[in-house]
Amino acid sequence: MAVITAPPKSILLPALPLILLLLAALGLGFFNLTGNLMNDDEGAYLYSAWRVSEGETPYRDFNLVQTPLAFWIMAAVFKIAGPSVLAARTVSFLFALGAALFLYAAARRSFGVGRPAAAAGAFLFLFTRHIFYLGRSFMPDDIMIFLGAAALFLALRAEDPALAPRRRIAAALLAGTSAGLASLAKLNGSLVFAGYTGYLLWTWIRRKEPAGQVGRRLAAAGAGFAAAFILPMAILMATVPHAGFLMLGFHAGRQTSSEAFTLATPFVRLVRFVGSHNYGLVPVAVLGLAAGRFAKDSRRILLALSAAAPLVFLFLPGRFFIRYAVFALAPLAVFCAVGLEMLWRRRTLQIFALPPAVILITLSLGPSFNPKTLAVHDQGTRNLVALVEAETKPGDFVFGDDPFINFLARRPCPPALVDVSEAWTKGGLVTADIIREKCEGAGVKLIFVETGRSAHHLVNLRDFDRFQVYLDEKYRPALRMKREFLDVAVYIRN
């Protein structure tokens, strides 16, 4: 009879930092994962993935303003596990965890960082407010961040001078492919590719290597990016009407049509980016960025350009949300691991830099470890879903501010009205007359309208008065409900 013995301590001890990272991720990441249901962006994405799993085509059968990879992936998950918030968020958090593991590996293999510091950098990345929030929601950002982190890891491998030339070219090809897939999940992923190609061009111009060697890696990365992103996008836009506008034109128009831009805007946005609970990771990353000399290992330039590329949103007109530039936290997390390693090894730095670093890191992780936030239970949304299920039948069309309700109740929404976000209503792309036409065409049975100070979708219709006339004409007010911080008026067809 075989005797099972415990692994030697010499094996467990080196693996302990990574084990602790995984335990923290699996424990906190999945705790009360479906408690909060108040993310309206996630609602649109969940609904879209559900419709794709039902055989519909995005951009043709319903409006969708993101690139399609995340919805194809989640539709496959729904085919296997059934459409549910738990299934979607489980997969999303695993993608976020996977990104953290790629960053751990990048710090270890490309910068020689010890296991504790590499695990600490990955931990800080995963549990920083914006990554943790995105990971516990189904957002295209999660898959983009995972594939972007894979591309960053592969790009760093491609720039390892110790590797054979063929292996470097293969790594560059895979890096470009991963960046292309990241872009197919969310357009921001193209900035991952921009960071790497910018580095290769810098290497070419500075003649750090023979031009032929750099050119072959650049060609390989470009071929991978083209095959994974440019070709599928071209086919999609050529075969599906309006796909080009919804994926590209809509975003370009929105970026240039709102929020005044001044010379001080990039600085203000940078302060917001750092100050919104990234003040733990960024200062330590800056310490790691300053470690050593760039001329000694040009992979530091690659990492710095990979961090700078997503920050281009600081300089663009239009509204700025921190999640637009969130991928900058990935290369910064690797620099953070380098900085933590310095703090671990240099006593002088421990005396002067360690106390403020510990304080900033502790404070920055507050939102992710807030017991009240982690334990939240959104009863208002569940009550609204129960009402929709009671007042309608499967197959009845339902319309309102948030398609999360449609997804949870399994009720279809008129295809052109899946997204009535502030960008669509304020921009005049959705009007009362369009709503009337689409709702009458689908025979919408129930409409719910969010009101109060926090409402920001239908209330921003340019012709809201005409929309109210339509409601009064065709529907009867059923009741008003409280959905956490929102008031909801429910109307049922006469």
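Working from Cα pairs under 8 Å separated by at least six residues, relative contact order for the range 97-178 is 31 percent. Distance between the modelled labels on residue 390 and residue 344, one decimal in nanometres: 5.7 nm (7 Å Cα→Cβ projection). Be a star and scan the range 114-156 for residues whose amide nitrogen sits under 15 Å from the point 7 Å along the Cα-to-Cβ vector of residue 358. No residue qualifies, since no backbone N sits under 15 Å from the label point. Could you give me the percent of Cα pairs per 10 Å distance bin for the range 379-493, shortest bin first, beginning at zero and ending with the bin that holds the maximum distance? All Cα pairs, binned at 10 Å, distribute as 15, 52, 32, 1 percent.
Summary of the geometry: the range 98-165 and the range 204-243, compared by the centres of their Cα atoms, lie 22 Å apart. For chymotrypsin sites (Phe, Trp or Tyr not before Pro), no site in the range 183-247 is both called loop by DSSP and has at most 13 other Cβ atoms within 10 Å.
At 222 nm, what helix-only mean residue ellipticity would the chain give, in deg cm²/dmol to the nearest 500, using -39500 (n - 2.57) for each DSSP H run of four or more? Counting only the DSSP helices, I get -19000 deg cm²/dmol.
Near the amide H of residue 484, within less than 5 Å, lie the amide hydrogens of 380, 381, all on another chain or at least 5 residues away, with H placed in the peptide plane. Here the mean projected area of the convex hull built on the C-alpha positions of the range 92-141 is 3.2 nm².
In degrees, nearest 10, range 0 to 90: what is the angle between the Cα axis of helix 281-290 and the longest Cα principal axis of the chain? Orientation of helix 281-290: about 30 degrees from the principal axis. A cut-off of 5 Å between modelled amide H atoms, ignoring neighbours fewer than 5 places along the same chain, links residue 37 with 378. Pairs of lysine residues in the chain that meet both criteria, 8 or more places apart or on different chains and Cα atoms under 25 Å apart, total 16.
Among the chymotrypsin sites (Phe, Trp or Tyr not before Pro) found in the range 314-352, those both in a DSSP coil and sparsely packed, with 15 or fewer other Cβ atoms within 10 Å of their Cβ, are 321. Remark: spin-label model distance residue 34-residue 465 equals 4.5 nm, labels positioned 7 Å along the Cα→Cβ axis. Pairs of Cα atoms in the chain fall into 10 Å distance bins, from 0 up to the last occupied one, in shares of 4, 18, 27, 25, 16, 8, 3, 0, 0 percent.
The mean sequence distance of close C-alpha pairs (under 8 Å, at least 6 residues apart), as a share of the length of the range 12-370, puts its relative contact order at 21 percent. Extension gain, residue 202 to residue 476: 0.36 nm times the residue separation minus the Cα-Cα distance gives 92.2 nm.
Taking a temperature of 37 °C and a viscosity of 0.692 mPa s, what whole-number D in µm²/s does Stokes-Einstein yield for the range 222-372 with Rh from Kirkwood over alpha carbon pairs? D = 180 µm²/s.
None of the figures in this text is laboratory data; all of them are computed from the coordinates on show. For clarity, every value in this text was computed on a predicted model and none was experimentally measured. Heads up, the Cβs are rebuilt from the backbone with ideal geometry, glycines too, and the neighbour counts pull from every protein chain shown.
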